[in-house]
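Participant: Encoded as structure tokens, here's the structure I'll be asking about.
Just so it is clear, none of the values below were taken in a lab; they were calculated from the coordinates. Nothing here was measured: the structure is a model prediction, and the numbers come from that model. Backbone-built Cβ (ideal geometry, glycine too); neighbour counts: all protein chains shown.
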């Protein structure tokens, strides 16, 4: 749990630092990925945010080695509260009443998932270590294709000047699918790190699909997420992305790694109801941003 809380702090702080840095940069676009990378890598503030996210990734590895996937996702989503507070304080972003209710409902949904867990004794939730590679590829490859397609569709709608400004929900779902695949890959990597002997663990890991999934999602996720983060509010984009990632990982990861569903009817009902509530909240989120975008605090730091 300490590692999960540390990951929350690092992830929330990292996203806010990156958003603050992006606000001071010229407009970036996925159609010019080399320029995007050159701009962000030239920003010390953005590099600091990336290092914080890397630290969150390391803490996430420790969590997946000790907790069931569903429990880990419940703890990770609790970091959304910190993110919204930091976004309001450091970025000047304000959430609408509807968005605050939605965030509260998401937290309630994930709390239901956490309450469905059971540790110790008969029927305790187990930590899955292995997943058949064909199953992982069957789950991940269509998800990656769907995420890239959805992001492209959101880009086409955003370029249509006749439409109101997007709230970022589509971007959040698309990037959330990529990061959901990345999260499953992190879970797979953590299971291989338990192999005795560093040399054997590395060879075993390179024979698995996990490092290659991480490489793909890392490269595409970086470009897609930064372009979306610059044009959308972090206080809306990141919660949607995190919710999709957590739901994807909790549901498909639990099945792929053979962690199973609760035997107790009450715990099973809590887990199913929590998942359904989170999906319903995502579907009810506003698609267009009707709030005025306050100038980011980072803009104040931009030299004339």
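Participant: How much length would be gained if the chain were fully extended between residue 47 and residue 9, taking 0.36 nm per residue of separation minus their Cα-Cα distance, in nm to one decimal?
Facilitator: 12.0 nm
Participant: Still on this structure: Once both labels are modelled 7 Å past Cα along the beta-carbon direction, what's the residue 264-residue 115 spacing in nm?
Facilitator: 1.2
Participant: What is the ratio of the Cα radius of gyration of segment 54-110 to 2.2 N^0.38 Å, where N is its residue count, to two decimals? Please report the intermediate quantities before stating the final value.
Facilitator: Details: Rg = 13.6 Å, N = 57, 2.2 N^0.38 = 10.2 Å.
In units of the globular-protein estimate, segment 54-110 measures up at 1.33.
Participant: Taking 7 Å along the Cα-to-C-beta vector as the label spot, tell me the residue 1-residue 32 distance in nanometres, rounded to one decimal.
Facilitator: 4.9
Participant: Let me ask another. Report the extension gain between residue 272 and residue 212 in nm, rounded to one decimal, defined as 0.36 nm multiplied by the number of residues separating them, less their alpha carbon distance.
Facilitator: Between residue 272 and residue 212, full extension yields an extra 18.4 nm.
Participant: Rounded to the nearest 0.05, what FRET efficiency do residue 284 and residue 148 have when you use their Cβ-Cβ distance and R0 = 30 Å?
Facilitator: Plugging the Cβ-Cβ distance into 1/(1 + (r/R0)^6) gives 0.75.
Participant: At 7 Å along Cα-to-Cβ for each site, give me the label-to-label distance between residue 88 and residue 100 in nm.
Facilitator: Result: 0.6 nm between the two label points.
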